[in-house]
Amino acid sequence: AAKAGAPAGGKLGQIIRLLQRAKGASIDDLTEATGWQAHSVRGAISGQLRKRHGLAVSATTDGPRGLVYRLPKAGGGR
């Protein structure tokens, strides 16, 4: 995945793959992919990905999509 020790499979792995796309992922994208509620997705990003695994998840506002989360691909650069 994006960093050694980051989850590669399961729902967190799905989230990481969606965040690595060039267009990133909105909360709606992530809830649809995981089946989780929005607060659970936000908690996974904050608690598991940012704090536990130390991943640099960024969030920007993207007009109609709202808040869009992104994660640089493994190997540096975007």
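For the reader, a short list of remarks on this structure follows.
- Anisotropy class of the stretch 12-78 from Cα gyration tensor, a/c 1.5 cut: oblate
- Where labels lie 7 Å past Cα in the beta-carbon direction, separation of LEU67 and ARG52 in nm: 2.0 nm
- Assigned charges on the beta-carbon of Lys, Arg, Asp, Glu; the stretch 26-78 dipole about Cα centre (debye): 340 debye
Bear in mind that the values in this text are calculations on the coordinates, not laboratory data. Keep in mind that this is a model prediction, so the values were computed, not measured. For neighbour counting, all protein chains shown are included, and Cβ atoms are generated from backbone atoms with ideal geometry for every residue, glycine included.
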